[in-house]
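Participant: Would you mind keeping the following structure in view while I ask a few things?
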Amino acid sequence: MNTIASEMANELTPYNLRREIRPNDIDAIRHIVESTGYFRPGEIHVAVELALENLHKGDQSGYYFLFIDIGNRAVAYCCFGPIPCTIGSFDLYWIAVDNNYRRKGLGGILLQEAERMVAAMKGRKLYIETSSMTGYVDTRSFYEANGYLLASRLKDFYAPGDDKVTYEKGIL
């Protein structure tokens, strides 16, 4: 575990890191993603859809989840999975922390555990995509601080003036 992330998360102890998804996580995911203020309604819907897919199909869905609970409440989560038609490439589809718990190291804990799980699944690389908009500067800085390198930039991908920025990190 990253020392800084560990020290910051200790401020919140006790917290629980878990892998299994529960029915009440659907509402928790919606709340977490909405609380960030980053995502449009359609994006929030997709976050919930991926969770429902995993809830119904388990790992056969191709979506893997990690949650951080404080008390009985999920306050952070990530979703990742293998990229179809590749050998050992994975996407980090979502990583989000409830706005009330941001900047306490929880995202770093989730990211490091996701990387560990990807390595255990013989993943070679983990890819993360995000927006180029100025509101995402902290997001891009977070990925870079965790060892991710800029892999590509697709101009006007999401909307005019909103590029898709992809980061990558070798896992194995």
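Participant: Any idea how far apart residue 157 and residue 35 come out in nm if each label point goes 7 Å out from Cα toward Cβ?
Facilitator: 2.8
Participant: In addition: For the chain: lysine pairs with Cα atoms under 20 Å, gap of 8 or more or different chains, count?
Facilitator: So the count works out to 4.
Participant: If you don't mind, another one. Around residue 165, under 15 Å between beta carbons, what's the net of Lys plus Arg minus Asp minus Glu among the other residues?
Facilitator: Local net charge: -3.
Participant: Taking amide hydrogens as modeled 1.01 Å from N in the peptide plane, which residues meet the under 5 Å criterion relative to residue 162, leaving out close sequence neighbours?
Facilitator: Result for residue 162 returns 156, 157.
Participant: Would you work out the relative contact order for the chain, in percent, from Cα pairs under 8 angstrom that are 6 or more residues apart?
Facilitator: Here the relative contact order equals 20 percent.
Participant: Provide the per-residue ³J(HN,Hα) series for region 27-41, in order, calculated from phi with Karplus coefficients 6.51, -1.76, 1.60 and θ = phi - 60°, each as a whole number of Hz, with x at glycine and proline positions.
Facilitator: Result, ordered by residue: 5, 5, 4, 4, 5, 4, 5, 4, 5, 5, x, 8, 10, 7, x Hz.
Participant: So how do 109, 87 line up by other beta-carbon neighbours within 10 Å, fewest first?
Facilitator: Least to most surrounded, the residues fall as 87, 109.
Participant: Tell me, what ³J(HN,Hα) does each residue in region 130-142 have, in order and in whole Hz, if you take phi through Karplus 6.51 cos²θ - 1.76 cosθ + 1.60 with θ = phi - 60° and put x for Gly and Pro?
Facilitator: 3J(HN,Hα) across region 130-142, in whole Hz: 8, 8, 8, 4, 4, x, 9, 4, 4, 4, 5, 5, 4.
Participant: Just the C-alpha atoms of the chain: what Rg/Rh do they give, with Rh taken as the Kirkwood radius?
Facilitator: The Rg/Rh ratio comes out at 0.94.
Participant: For the chain, what is the mean residue ellipticity at 222 nm derived from helices alone (per DSSP H run of n ≥ 4: -39500 (n - 2.57); sum divided by total residues; nearest 500 deg cm²/dmol)?
Facilitator: -11000 deg cm²/dmol
Values quoted throughout were computed directly from the atomic coordinates according to the rules given, and no laboratory measurement underlies them. Please read these numbers as outputs of a predicted model, since none were measured by experiment. Here the Cβ is made from the backbone with ideal geometry for all residues, glycine too, and neighbour counts use every protein chain on show.
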